[in-house]
Amino acid sequence: MTKSVYVLSPEGLAGKSAVTLGVIDAASRHVASIGVFRPIIRTDGRDTILESLVELPQVRQTYDQAVGVPYSAIHDDPEAAMSEIIARFEAIRAEHEIVIVVGSDYVGDMGTGEFPFNISVAQNLNALTLLVVRGNDRTPEGLRHTVDASLEEIAKAHVTSLGVVATRLDEDQLADYQAALDSLDLPLVVALPENQTLTSPTVRQQFEAADARVLYSESDELDQESLGVLIGAMTLPHILKGLTPHYTVITPADRVDILPGLLLAHQSGGFPDLAGILLTGDFDVPEEVVTLLETIDRKPPIAHTRFGTYTTAERLFGLEGEITDSSHKVRLAREMFQRYVGAEKLGRALDLVGSNVRTPLMFEYQLMQQARADKRVIVMPESADDRILRSAHILLARNVADITLLGAPNVIHARAAELELNLSRATIVDPSDPALVEKFAAEYARLRAKKGVTLEQAKEKLKDLSYFGTMMVHFGMADGMVSGAINTTANTIRPSLEFVKTREGFSVVSSSFLMCLPDRVLVFADCAVNPNPSSSELADIAISSAETAVAFGITPRVAMLSYSTGTSGSGEDVDRVREATELVRQRAPELLVDGPIQFDAAMDATVAKTKMPDSPVAGKATVFIFPDLNTGNNTYKAVQRTSGALAVGPVLQGLNKPVNDLSRGALVDDIVNTVAITAIQAQAEPSGTPSRFAQV
């Protein structure tokens, strides 16, 4: 049965949009299909909040499908408007497992009847309510009084409350606010601190509010948040004392003595960066000032308004932005909700945790949770690539793994500062460190002595950071390595084959992709390494892939794929798969495996009933072993492109220590996922015995 959560507030500017974003993000970890609905929208135009919500990757519906009725319809005929709301909602509910309903914003003229009307909508939609109340203008006791009054009104309408989220709270008093709410007998009670960025307007919005003409700007700077306004009408030293990071300064256009000082302060690095400068006054900006602006390279957005300083300030003070102003705000809102609420807490409240559905977003969330549960050290050699630095910043912020970067510390820190990344918790190892070079070279020369490698040759080899990073893994200085953003696959794997070696009982290194379909996760192998594996190598790949499945919480049911099913075909290729299947059964008798089997019989229960009715694998396979690289690589790409599946990998298998390769076109999210996978592989300790599959 579809559940619905109605996010509502008894007042405007409470932060419902930010909470809604967090609810959608968290709920997506537990269900495959999320709908959004906005019962009441502005009469005077499109709803920007709703436009942003339907663009989220978790939401698959159009804006028009998510719209209820405008305020004007409620004024004209409340009963007809309610009927229309219910009809439009039912169309959404039929298509989704959960629907997040966003209450109105108090921008119409319904007055005191707006909150009761929202409650009535929740009642008619049979939705749980999630009450959002702001606390920035209330004491803890005052907040509790407002919450109690609102919950009482909800209860009178016989509507069930899911919980309360108090927003915009003084962070220093957060514990006091939480304590004031803790006695509420509700599944979800959360206190969220004020985040000034979420409510701040952009510089563009400030300039528009002042009806200002832009004299200078970079387009992306206009869309950055301004955290406040400073009146700069005093002498320059006093203005400089009052400068605050990312504030907009309002100053008269004829005070040509102030503008150069502000520009110099912004450029110097010794004073806070300004969000913008707004020149005021009903006269033209002097030509000399315009010339000055053109000659200075680093300057904030600058605009001129005909309004005086007082009128301009009046228009800007109290101006608030919306969560939809930037992707940066959206990300902050989701991170805040995840930090203070989280998917698990929301899932328990909704009683959705037991769902068997495993969506791509849910899988990614579980990857991060699993990795951080037993953190490992992962070395990333390619710190010269900004994607690696950005990934390291995210991984450290999310506490997913301990990251080691290779490179000159001063270079890495300087680039991180330019990119505004926090790498203070990263370990940075200089690959030119003489002690490490001597130690690693001696070990490499020893391990490759039969190949005639000298100490000098070993030192030369270690200039390749893939070798240096792999040697760190070999010595236990790191639990795993992720490379390939710059280097080729061969360059990433070769050092591992030379001295990390394959695990005992395995003859080949292979690869698998974790294929995240809309409702489940499958393992495809080998899709990246072995062109034409023998029957013995296919057996290795199958067992390695089953272990990979177990490591990521997937029950392994292995399909050994071929162009025929069961005993229906013969020939060298089919016989090779048939022999490999028997080898798997001998080496891992408790592993569910079947083959030869065609892809459709392995994947589709209906086809399986016809082709292999008695198979424990047919129709419900989770691990798909392809007979050769050509088939595997083409199939995983075909599934990825035609079904919209998320392909995570390749995951290298069969090595003594985890080393994983990146595509040179990898995105930051791909790198983050690969590091999490590598950390989870490092956590796993395969026993080397068939019983490792017994209890899965």
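Worth a mention:
- Leading residue by the ranking (most open to solvent (accessible area, probe 1.4 Å)) among those in the stretch 398-423 that are assigned to a loop (DSSP other than H, G, I, E, B) and over 21 Å from Glu335 (Cα atoms): Ala408
- The condition of being basic (Lys, Arg) and either in contact with an Asp or Glu (Cβ under 6 Å, 6 or more places away or on another chain) or farther than 30 Å from Asn195 by Cβ (or both) holds for only one of Arg46, Arg42, Arg93, that being Arg93.
- Within the stretch 555-572, being closer than 17 Å to Ala525 by Cβ and either at pLDDT below 90 or among the small types (Gly, Ala, Ser) (or both) holds for Ala559, Ser562.
- In the stretch 156-198, residue most open to solvent (accessible area, probe 1.4 Å) [restricted to those that are modelled with pLDDT of 90 or more, in contact with a Lys or Arg (Cβ under 9 Å, 6 or more places away or on another chain) and assigned to a helix (DSSP H, G or I)]: Ala180
- Of all residues in the stretch 78-105, those that are on the phi < 0 side of the Ramachandran plot have Cβ atoms under 6 Å from Cβ atoms of residues that are of a type in the set (D, E, K, R) and open to solvent by 10 Å² or more (accessible area, probe 1.4 Å), 6 or more apart or on another chain, in Ile98/Lys3; Val99/Arg93.
- Helices (runs of 4 or more DSSP H) contained in the stretch 220-332 and holding at least 3 residues open to solvent by 20 Å² or more (accessible area, probe 1.4 Å), closer than 30 Å to Glu51 by Cα and aromatic (Phe, Trp, Tyr): none
- Filtering the stretch 200-219 to residues that are part of a helix (DSSP H, G or I) and of a type in the set (D, E, K, R) leaves Arg204, Glu208.
- Helices (runs of 4 or more DSSP H) fully within the stretch 435-509 counting 2 or more residues that are in contact (Cβ under 8 Å) with a residue 60 or more places away in the chain and open to solvent by 50 Å² or more (accessible area, probe 1.4 Å): 465-474
- All helices (runs of 4 or more DSSP H) inside the stretch 4-102 with 1 or more residues being of a type in the set (A, V, I, L, M) and surrounded by fewer than 18 Cβ atoms within 10 Å (Cβ to Cβ): 78-93
- Complete set of residues in the stretch 333-348 that are at pLDDT 80 or above and buried (at least 20 other Cβ atoms within 10 Å of the Cβ): Ala333, Met336, Phe337, Val341, Leu346
Residues are listed down the side, and each one gets a yes or a no for (1) touching a residue at least 24 places away in the same chain (Cβ under 8 Å); (2) among the charged types (D, E, K, R); (3) touching a strand residue (DSSP E or B) at 6+ places or on another chain (Cβ under 6 Å):
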residue: Pro533; (1), (2), (3): yes, no, no
residue: Glu537; (1), (2), (3): yes, yes, no
residue: Ile543; (1), (2), (3): yes, no, no
residue: Arg557; (1), (2), (3): yes, yes, yes
residue: Tyr563; (1), (2), (3): yes, no, no
residue: Val574; (1), (2), (3): no, no, yes
residue: Arg587; (1), (2), (3): yes, yes, no
residue: Ile597; (1), (2), (3): yes, no, yes
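- Within the stretch 502-515, the set of residues being under 34 Å from the mean Cα position of the chain (by Cα), of a type outside the set (Ser, Thr, Tyr) and at pLDDT below 85 comprises just one member, Arg503.
- The one condition in (1) among the small types (Gly, Ala, Ser); (2) assigned to a loop (DSSP other than H, G, I, E, B); (3) surrounded by 15 or more Cβ atoms within 10 Å (Cβ to Cβ) that Ser432 fails to fulfil: (3)
- Among residues of the stretch 575-606 being open to solvent by 40 Å² or more (accessible area, probe 1.4 Å) and among the aliphatic types (A, V, I, L, M), the one that is nearest to Arg557 (Cα to Cα) is Leu592.
- Residue list for the stretch 82-120, restricted to those being over 20 Å from Gln61 (Cα atoms) and in contact with a Phe, Trp or Tyr (Cβ under 7 Å, 6 or more places away or on another chain): Gly108, Met110, Glu114
- In the stretch 349-380, residue most open to solvent (accessible area, probe 1.4 Å) [restricted to those that are polar (S, T, N, Q) and modelled with pLDDT under 85]: Asn356
- From Leu646, Leu629, Leu652, Leu662, residue being hydrophobic (A, V, I, L, M, F, W, C), at pLDDT 85 or above and open to solvent by 20 Å² or more (accessible area, probe 1.4 Å): Leu629
- Residues within the stretch 207-223 that are free of Cβ contacts under 8 Å to residues at least 60 places away in the same chain and within 30 Å of the chain's Cα centre (by Cα), tallied: 2
- Residue count, the stretch 526-547 (criterion: of a type outside the set (Gly, Ala, Ser) and either open to solvent by 10 Å² or more (accessible area, probe 1.4 Å) or in contact with a Lys or Arg (Cβ under 8 Å, 6 or more places away or on another chain) (or both)): 8
The values are calculated or read from the model by the stated rules, or taken from the named source; none is laboratory data. Source: prediction; values computed, not measured. Here Cβ is always computed from backbone atoms with ideal geometry, including for glycine, and neighbour counts include all displayed protein chains. Ligands, DNA and RNA are excluded from the accessible area calculation, which covers all protein heavy atoms including side chains. Shrake-Rupley method; radii C 1.70, N 1.55, O 1.52, S 1.80 Å.
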